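The values are calculated or read from the model by the stated rules, or taken from the named source; none is laboratory data. Here the structure is a predicted model, which means the values were calculated and not measured. Counting neighbours? That spans all protein chains shown, and the Cβs are built from the backbone with ideal geometry, glycine included. Calculation scope for accessible area: heavy atoms of the full protein, side chains included, ligands and nucleic acids excluded. Shrake-Rupley method; radii C 1.70, N 1.55, O 1.52, S 1.80 Å.
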Amino acid sequence: GVLFEHMIDLKREAGEQLWTQYYTLLREAVDSGNFSVISHPVRMRVTNPFLPESLDEELDQLAAKAAHANVALELNGYDTLNYTDLVRRLAYACARHNTPISIGSDAHYPARIAQAHQETERILHEVGITHIRIWKQLQPEEYAI
């Protein structure tokens, strides 16, 4: 019942707790078996700059669970353009666990389609990821980049 990316006027302690709660919920979503991709894993940064010291551990736990469940984690174009370091940290966690990766441009207008794909590709190459997850007729496939 909480729209995490629209929390405002947070103090550090509450902000850090929200990040931790968010990753607990994302891991539960992965465990549910209802999803083939989890989008916006770092989107809460839009309004919450209070990253917990445990963020890399949270990303690792999420990436490990997603890899085990064969659920892709999205590297989102908006996030790549606005929070490149967070997307890079997520990509490193995914590379460590061989987690499937999905790429989304987050385009709400045609001119923004693929708006961050070049930067996302640079990050993927930097961390050693060579494939992304795509779906054809609802069947997952790995696409070499």
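Assuming 0.36 nm per residue, please report the length gained on full extension of the stretch T130 to E57 beyond their Cα-Cα distance. Please report the intermediate quantities before stating the final value.
Numbers: separation 73, 0.36 × 73 = 26.28 nm, distance 2.32 nm.
Answer, rounded to one decimal: 24.0 nm.
At q = 0.10, 0.20, 0.21 Å⁻¹, what is the base-10 log of I(q)/I(0) for the chain according to the Debye formula with one equal point scatterer per Cα and no solvent? Please give it to two decimals.
-0.32, -1.30, -1.41
In the chain, carbon and sulfur make up what percent of the accessible area (probe 1.4 Å)? Don't jump to the answer; show the numbers that get you there.
Numbers: 4050 of 8220 Å².
About 49 percent, which is the carbon plus sulfur part of the accessible surface.
Roll a 1.4 Å probe over the protein chains and send me the accessible area per residue for the chain in Å². Walk me through the numbers before you get to the answer.
On the way: 8220 Å² over 145 residues.
Value for the chain: 57 Å² per residue.
Pull up the DSSP beta bridges for the chain and report the antiparallel fraction as a percent, rounded to 5.
Values: 6 of 12 bridges.
Here the share of antiparallel DSSP bridges comes out near 50 percent.
Quick one: 3J(HN,Hα) in Hz for the range 16-28, Karplus 6.51/-1.76/1.60 with θ = phi - 60°, rounded, Gly and Pro as x.
Each residue's phi maps through the Karplus curve to give 4, 5, 5, 4, 4, 5, 4, 6, 4, 5, 5, 5, 5 Hz.
If you take the square roots of the eigenvalues of the alpha-carbon gyration tensor of the range 33-118 and sort them as a ≥ b ≥ c, do you get rounded (a/c under 1.5), prolate (a/b over b/c) or oblate?
Working: a/c = 1.93, a/b = 1.25, b/c = 1.54.
In terms of gyration-tensor shape, oblate.
Tell me, which longest segment in the chain has none of the chymotrypsin sites (Phe, Trp or Tyr not before Pro) that fall in DSSP loops with at most 16 further Cβ atoms within 10 Å?
Numbers: sites that count: F35, F50.
So the longest stretch without any such site is 51-145.
Take the alpha carbon atoms of the range 98-136, find their center, do the same for the range 27-44, and report the distance between the two centers in whole angstrom.
17
For the range 85-131, what is the charge dipole size about the Cα centre, in debye to the nearest 20, if Lys and Arg each add +1 at the Cβ and Asp and Glu each add -1 at the Cβ?
Charge dipole of the range 85-131: 100 debye, to the nearest 20.
With axes computed from alpha carbons, what is the tilt in degrees of helix 84-97 against the longest principal axis of the chain, rounded to the nearest 10 within 0 to 90?
60
Taking the Cα centre of the range 12-145 as origin, work out the dipole magnitude from +1 charges on Lys and Arg Cβ and -1 charges on Asp and Glu Cβ, in debye rounded to 20.
Numbers: 12 positive and 18 negative charges, 63 e Å.
Its charge dipole is roughly 300 debye.
Can you classify the range 106-145 as rounded, prolate or oblate using the Cα gyration tensor, where a ≥ b ≥ c are the square roots of its eigenvalues, rounded means a/c under 1.5, and otherwise it's prolate if a/b beats b/c and oblate if not?
Details: a/c = 3.55, a/b = 1.07, b/c = 3.31.
Verdict is oblate for the range 106-145.
Classify the range 53-96 from the C-alpha gyration tensor, please: rounded if a/c falls under 1.5, else prolate or oblate depending on whether a/b exceeds b/c. All intermediate terms of the calculation are to be shown ahead of the outcome.
Details: a/c = 2.54, a/b = 1.39, b/c = 1.83.
Oblate, because a/c is 1.5 or more while a/b does not exceed b/c.
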